[in-house]
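Below you'll find the structure, written out as structure tokens, and then a few comments.
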Amino acid sequence: MGAKTLAAVMLVITAGVAGGLYVLSAPHPVAASSVPRRLPDLANGQVMYNAGGCISCHKPAAGQAEGDAPLPSGGTAFNTPAGTFYPPNITPDRETGIGAWSDVDFVNAVQHGISPQGTHYIPAFPYSSYGRMKVEDVLDLKAYLFSLPAVKAERRPPEMLLGAIGEAMMRRGTGLWKLLRGEPRRIAHHADESGPWNRGAYLVKAPGHCGECHTPRNFSMIPIPHAFLQGAPHPDGKGKVPSLIDLVGRKRYKDADDIANALQFGETFGYDKLSSGGMGAVQTNLSKLPEGDIKAIATYLAGLTGERQ
Amino acid sequence: MSNRRVLTVASGLMAVTLATSAVLAASPIEDRQAAMKAVGKAMGELAKIAKKEKKFDAATVKADAQTIHDKLGTAKGLFPEGSDKGHKTRALAAIWKDRSTFDAALERAEKASLAMTEVTSEDQFMPAMNKLGGACKNCHDKFRKPEE
């Protein structure tokens, strides 16, 4: 085979592989017909907003209006090894926020990680967990966000290695990552467990997205299912995110009530373990949940012994 | 004792004192950890009242709040430049990068503990506790590493 032929064959293979990856990494949004019509429940939407911790990432950048109840207008830097992202404005402003989004746009974004423009969101946005939510809860969350005051805040483009090309590659790479990860599964109801346990399991695994930090990931950054909530290196690279397995047996907490108190009151009740590494903001969000939901989370967590998930 | 001997003994004692304080000063990390531990212990006592495991008693609240206030006052001087290394510590480099925010956060906690020393009745307790807990959390959130 001559050098020219070899080069041609290589070119064909490369193009084939690239084309194949391009096809494989394409986003597959769901159709509008798959989203149920719903009379939204704003109170439930607010529960999902706080359980989901939306404000932690979508909070306004320092210097912009910050108060006791900041609006999720986005702009605070989110640093990843691939670059710096600025979580967008999710207030209902039509130009700079999500005010023009349809229900199916919102479901595709939150549960499938696909923007209305048809590109993949990078998985720093925890849609792999939100993908386990009931679609009714997601629609209520949208209604709640739409009930907030609209804020004008332009989206800041990410600062990536290799700029726009790097961003495009990252987004396409995310498509391949989603294939490896598989579709998120809805949370099964365990008839042999109590109501609060089941509610807690749902809040922890779906909107609460606890596993995004508390579950270790494999080499392709996919959370390891059999190591669920067993603790992981801190995403910032300093220290560890602790294991949530056997919290009572390991004497981290006395019982489910103790865990509930820690989540609800944090340092006001002398629980200082939760305020570092980002958990402080999580605790602030969780403290806004109805008491029954906080207790449900605590019931589920207190029952985690390794075998029981 | 002759004057000279007194002088020798005195200077000897002084040398020992200086050496001891030098050793102590050489380890601000351990000192501030001891201070924070004492704060945590006193805070735990106040938390018992918040959790209604213990009855409100103005005198013990004042004593615990005073301990917190004193220890925070001590801690203030125990974060010198460069004391992010040399001993196991959860202090984040952000303390020295953003010193003014750190100092303000610590001062907020000091003020909240001072306000707690002025609590005389049960209905003043929880609001003061919310402020104090919030101040602890505010500083820990920003300036303390997650546990190892």
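Here the Karplus relation 6.51 cos²θ - 1.76 cosθ + 1.60, evaluated at θ = phi - 60°, turns the backbone of the range A:205-219 into coupling constants of 7, 9, x, x, 6, 4, x, 4, 10, 7, 9, x, 10, 7, 5 Hz, with x for every Gly and Pro. Looking at the range A:64-143, the GluC sites (Glu not before Pro) that sit in a DSSP loop and have at most 12 other Cβ atoms within 10 Å of their own Cβ are A:GLU66, A:GLU95. Listed by Cβ neighbour count within 10 Å, with the fewest neighbours leading, B:LYS52, A:LYS59 appear as B:LYS52, A:LYS59.
Under 5 Å between amide hydrogens, built in the peptide plane, is the criterion, and for A:ALA232 it picks out A:VAL241 among residues at least 5 positions away or on other chains.
Once every DSSP H run of n ≥ 4 in the protein assembly as shown is given -39500 (n - 2.57) and the sum is divided by its residues, what mean residue ellipticity at 222 nm do you get, rounded to the nearest 500 deg cm²/dmol?
One gets -16500 deg cm²/dmol as the mean residue ellipticity at 222 nm.
When the square roots of the Cα gyration tensor eigenvalues are ordered a ≥ b ≥ c, the ratio a/c for the range A:1-146 is 1.5 or more and a/b exceeds b/c, which makes its shape prolate.
Counting only the backbone N, which residues of the range A:139-174 are under 12 Å from the spot 7 Å out from the Cα of A:THR119 toward its beta-carbon? Under cut-off, by backbone N: A:156-160, A:163-173.
I need the shape label for the range B:26-118. Rule: rounded when a/c is under 1.5, else prolate if a/b > b/c, else oblate, with a, b, c from the alpha carbon gyration tensor.
Cα axes put the range B:26-118 in the prolate bin.
Cross-link check: pairs A:LYS59/A:LYS288; A:LYS251/B:LYS131; A:LYS273/A:LYS295 evaluated at a Cα-Cα cut-off of 22 Å; pairs beyond the cut-off: A:LYS251/B:LYS131. Taking other C-beta atoms within 10 angstrom as a stand-in for reagent exposure, B:LEU46, A:LEU161, A:LEU244 fall in the order A:LEU161, A:LEU244, B:LEU46, fewest first. Taking the longest Cα principal axis of chain A as reference, the axis of helix A:163-181 is set at about 70 degrees.
Return the single residue from A:THR80, A:THR96, A:THR215 with maximal mean-square fluctuation; model: Gaussian network over chain A, springs between Cα atoms under 10 Å. With Cα springs under 10 Å in chain A, the top fluctuation among A:THR80, A:THR96, A:THR215 is at A:THR80. All other residues with a Cβ under 11 Å from the Cβ of A:VAL138 taken together, and with Lys, Arg as +1 and Asp, Glu as -1, what is their net charge? Neighbourhood net charge equals 0.
For A:ILE114, the residues whose modelled amide H falls within less than 5 Å of its own, excluding neighbours fewer than 5 places apart on the same chain, are A:ALA109, A:TYR121.
Shape of the range A:121-212 from the C-alpha gyration tensor: oblate (a/c of 1.5 or more and a/b not above b/c, with a ≥ b ≥ c the square roots of its eigenvalues). In terms of other Cβ atoms within 10 Å, A:ILE55, A:ILE297 run from fewest to most in the order A:ILE55, A:ILE297. Across A:PRO123, A:PRO149, A:PRO92, mean-square fluctuation computed from a Gaussian network of chain A (C-alpha pairs under 10 Å connected) peaks at A:PRO149. Placing a pseudo-label 7 Å from each Cα along the Cα-to-Cβ vector at A:ILE165 and A:ASP236 gives an inter-label distance of 3.4 nm. Applying 1/(1 + (r/R0)^6) with R0 = 22 Å to the Cβ-Cβ distance of A:ASN44 and A:ALA191 gives a FRET efficiency near 0.40.
In this label model, B:GLU122 and A:SER147 are separated by 3.6 nm, measuring between points 7 Å along each Cα→Cβ vector.
When only the Cβ of Lys, Arg, Asp and Glu is charged (+1, +1, -1, -1), the dipole of the protein assembly as shown relative to its Cα centre reaches about 1000 debye.
Evaluating 6.51 cos²θ - 1.76 cosθ + 1.60 at θ = phi - 60° for every residue in the range B:51-65, the Karplus couplings come out as 7, 6, 8, 9, 6, 5, 9, 4, 5, 5, 4, 4, 5, 5, 5 Hz, glycine and proline recorded as x.
Straight-distance candidates among the aspartates and glutamates for linking to B:LYS88, with alpha-carbon spacing under 12 Å and chain neighbours fewer than 8 residues away dropped: B:GLU30, B:GLU147, B:GLU148. Summing +1 for each Lys or Arg and -1 for each Asp or Glu among the other residues whose beta-carbon sits under 13 angstrom from that of B:ALA93 gives +4. Enclosing the Cα atoms of the protein assembly as shown in their convex hull gives a volume equal to 235 cubic angstrom per residue.
Applied to the range A:265-271, the Karplus parametrisation 6.51 cos²θ - 1.76 cosθ + 1.60 on θ = phi - 60° returns per-residue 3J(HN,Hα) values of 10, x, 5, 4, 9, x, 8 Hz, with x for Gly and Pro.
Note on A:258-270: average number of Cβ atoms from other chains within 10 Å of each residue's Cβ is 5. Across peptide B:129-142, the average count of Cβ atoms from other chains found within 10 Å of a residue's Cβ is 5. Rounded to the nearest 20, the Cβ-based charge dipole of the range A:195-302 about its Cα centre (Lys and Arg +1, Asp and Glu -1) stands at 260 debye.
Think of the protein assembly as shown as a dipole: +1 on every Lys or Arg Cβ, -1 on every Asp or Glu Cβ, centred on the Cα centre; then among A:GLY99, A:ASN198, A:ALA77, A:ALA77 lies furthest on the positive end.
None of the figures in this text is laboratory data; all of them are computed from the coordinates on show. Keep in mind the model is a prediction, meaning the values are calculated, not measured. Heads up, the Cβs are rebuilt from the backbone with ideal geometry, glycines too, and the neighbour counts pull from every protein chain shown.
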